[in-house]
DNA sequence: GTCGTTCTGTTATAATATAACTCGCTTGGC
DNA sequence: GCCAAGCGAGTTATATTATAACAGAACGAC
């Protein structure tokens, strides 16, 4: 069983020490967005997050959320899920990593795993004279819980 | 050097025979959308395609383009590029394949390569009880031409 | 013919994202 | 103390991407 409370605590502790070390400001809005994303290992759309913030009297307009997300993305504390146009908290405490996501199409649960060491793709790119800067790898399907429920 | 004229001809021939075989209707709008995507190996947004169609007096509203794209996607003649929210013609004549894309962030040139046989990711999914249905793999960077131009 | 299906046309609107400008706060120099 | 610079947040407006919902035309099955 996943000890989610300690998982959240660890992620927040990492975020704070990381920002302190790098001289980044983990302001209330940014922290709150991170906390909201950490609540479940789920992808949330920017506007879902915005609704939550509004309920709490924090930032009321889209740019507030997008700026916070932009900060968290650049700090490596959050990932963007391209296939959902959504966002999920990083589950790997900022160790430099190329994440791969298993995304449940039903409940939006996101499992983040380390990328299988590539090589083959990199060699193909090399051959084409293509310089890879970032890669995205996402698999969509049904998570264990939703398979059982189905 | 890439013989693009014959590349287009082959893709169109494949599309027609594929649709004939499967009983799919490659209507004028659908064909035209495919042709537009085939013009360059580039990703185009739905609204870029729509503008082209409008200039030619074809479908004038978004649903027309999205429906044509939906048809072409399901027929395997076109791929969606998730990181760009855009679309590119399939470069591999419909052989059942899991495509991987090398996407130039500057000129949107798209190179489609066959996926390196996975295994590792599938095993990770298996271990988590996750049933993969589709996967997306996209690398962004600079293509050979844009590297030279830079 | 007329019924059902498929494709297209159209209006309207939803969902996602950013531009541009304002203000207030901190902080460092003087 | 005062001011200027920089950064973050607030706000308005708008751009971009995508879909819902319904009307009409074309065509084959019967």
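Against the numbered list (1) touching a helix residue (DSSP H, G or I) at 6+ places or on another chain (Cβ under 8 Å); (2) over 23 Å from residue B:136 (Cα atoms); (3) more than 10 Å from DNA strand C (Cβ to nearest atom), residue A:107 comes up short only at (2). Scanning region A:49-66 for residues that are without any contact (Cβ under 8 Å) to a residue 12 or more places away in the chain and in a helix (DSSP H, G or I) turns up A:51, A:54, A:55, A:63.
Kindly indicate whether residue A:87 is closer than 22 Å to residue A:111 by Cβ, touching a helix residue (DSSP H, G or I) at 6+ places or on another chain (Cβ under 9 Å) and touching a residue at least 12 places away in the same chain (Cβ under 8 Å).
Judged against the criteria, residue A:87 is a match.
Scanning region A:50-62 for residues that are near DNA strand C (Cβ under 10 Å from one of its atoms) and either surrounded by fewer than 11 Cβ atoms within 10 Å (Cβ to Cβ) or under 14 Å from residue A:28 (Cβ atoms) (or both) yields a total of 1. Total residues in region A:8-46 satisfying the condition of being part of a helix (DSSP H, G or I) and without any contact (Cβ under 8 Å) to a residue 24 or more places away in the chain: the figure is 8.
From B:79, B:109, grab the single residue that is under 16 Å from the mean Cα position of the chain (by Cα), under 14 Å from residue B:41 (Cβ atoms) and outside the structural domain of residue B:40 (by TED's automatic domain parsing). Only one candidate qualifies: B:109. Name every residue in region A:72-84 that is in contact with a helix residue (DSSP H, G or I) (Cβ under 8 Å, 6 or more places away or on another chain) and within 12 Å of DNA strand C (Cβ to nearest atom), in order of residue number. Matches in region A:72-84: A:80, A:82, A:83. Only residues that are under 10 Å from the mean Cα position of the chain (by Cα) and within 12 Å of DNA strand D (Cβ to nearest atom) were counted in region B:82-96, giving 2.
Among the residues making up region B:116-140, those that are free of Cβ contacts under 8 Å to residues at least 40 places away in the same chain, surrounded by 14 or more Cβ atoms within 10 Å (Cβ to Cβ) and under 18 Å from the mean Cα position of the chain (by Cα) are B:135, B:137, B:139.
The values are calculated or read from the model by the stated rules, or taken from the named source; none is laboratory data. In this text the structure is predicted, and so the values were computed from the model without any measurement. Positions of Cβ are generated from backbone atoms using ideal geometry, with glycine treated the same way; all protein chains shown enter the neighbour counts.
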